[in-house]
Amino acid sequence: MLTCWPAIRDCVDLTTDPRFRRVVTGTAPFPLPKALQFMSTESMILKDDPEHLRLRKLVSRAFTPRAIGRLTERTEAITAQLLDGFRAGQQIDVLTEYALPIPVTVISEMVGVPETDRARFHDSMHVVLEGIARYGLEGAADKMEPVIDFVRELIELRRSDPAEDIMTGLIHASEDGDTLTDDEIVAMVFLLVTAGYETTYTLITMGVATLLDHPDQLDRLGRDPELISSAVEEILRFTGTLGATKPNYAAEDIIWHGTTIPRGAMVFPLLASANRDADIFAEPDVFDITRTPNHHIAFSKGAHFCLGASLARMELRVALGSLFARFPGTQLAVDPAELSYLPLPFWRRLERLPVALG
């Protein structure tokens, strides 16, 4: 049984109600090969309390304001370097030539990948992202083995040669004497890749597309660059890039608005629909970068609120603000009707975004 609730009140309730769990004992459809468990059963976002709380406390110690501050400086440098390579009048694909390289480099630096291993790490990330969908169950397991070995090498590198990066923070994170195991660090790196890489470049691409589709709002941002933070929040709300949370399961029979949700039923809080809730947002289908208040739930709510939300917001502010400050006359290079989206459930993701810089 599949049950979906689109209202923001229901989504908040579903993500905070302890009767809904990420795992229901005895309902796993089939065992996964060990190599794939790092992306599923071992992942923090697919665990419930108290294990989820334990992992989150440890992992959050690596995401300090100081660590995010260092990444802000690097993100600004990365975007500046990319923009220096472009010229007015040039046509580029925002997705592959601008949005994609930013999180690729940021995550590489977060996990302490040496410059000489960046290409290998990027190839490994693609294996993690494509996984079962491309290679099948056994094929994905075979592909993942060398990726796991590579991440373990990175862990040992940072254990012997600590640095001011997230990987070192994960290795040395401690709470009442408790620390992360190497397997838990591997799973966290994979989570960083899937959440911080794919999500971020998609959000940057969708942000550019949305601003270009609303020239009045882009003009307003150009006249008042201080609106970039507000613009980012509206992009998060409006684009529906992150369509839903990971599935939750009813841990018991639950009566919800007069409907019985049986134990084990899969429930998806629909974040994209909730962020267009007319009871919460005035004119929800209008894109307004000055919208106040803007209590969207693009990063979910409750125990599984996105740990990397501040990092994603920072990358969006820097990427979008820098692009349109440098090339304020940028326009779509194709008719909007020619833009196509990947056929992905709960994701709104462009295949490409050709623009003419100006």
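Data for the structure
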quantity	calculated
Number of the exception - Thr200 against (1) exposed (fewer than 14 other Cβ atoms within 10 Å of the Cβ); (2) within 26 Å of Thr72 (Cβ to Cβ)	(1)
Index of the failed condition, Arg54 passing every other in (1) surrounded by 13 or more Cβ atoms within 10 Å (Cβ to Cβ); (2) touching a strand residue (DSSP E or B) at 6+ places or on another chain (Cβ under 6 Å)	(2)
Qualifying residue in segment 156-169 (condition: touching a Ser or Thr at 6+ places or on another chain (Cβ under 6 Å), closer than 21 Å to Ser60 by Cα, part of a helix (DSSP H, G or I) and at pLDDT 85 or above)	yes
From the options Val189, Val106, Val193, Val113, residue that is of a type outside the set (Gly, Ala, Ser), touching a residue at least 40 places away in the same chain (Cβ under 8 Å), outside any helix (DSSP H, G or I) and within 22 Å of Glu73 (Cα to Cα)	Val113
Filter pass, Ala67 being modelled with pLDDT under 80, crowded, with 17+ Cβ neighbours inside 10 Å, part of a helix (DSSP H, G or I) and within 19 Å of the chain's Cα centre (by Cα)	yes
Residue in segment 76-84 that is in a strand (DSSP E or B) and at pLDDT 85 or above present	no
Any chance Thr241 is under 28 Å from Leu212 (Cα atoms) and surrounded by 15 or more Cβ atoms within 10 Å (Cβ to Cβ)	yes
Unique residue being closer than 30 Å to Lys47 by Cα and among the polar types (S, T, N, Q) when the list is Thr205, Thr239	Thr239
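The values are calculated or read from the model by the stated rules, or taken from the named source; none is laboratory data. None of these values were measured; they are calculated from a predicted model. Every residue, glycine among them, receives a Cβ derived from its backbone with ideal geometry; neighbour counts consider all protein chains shown.
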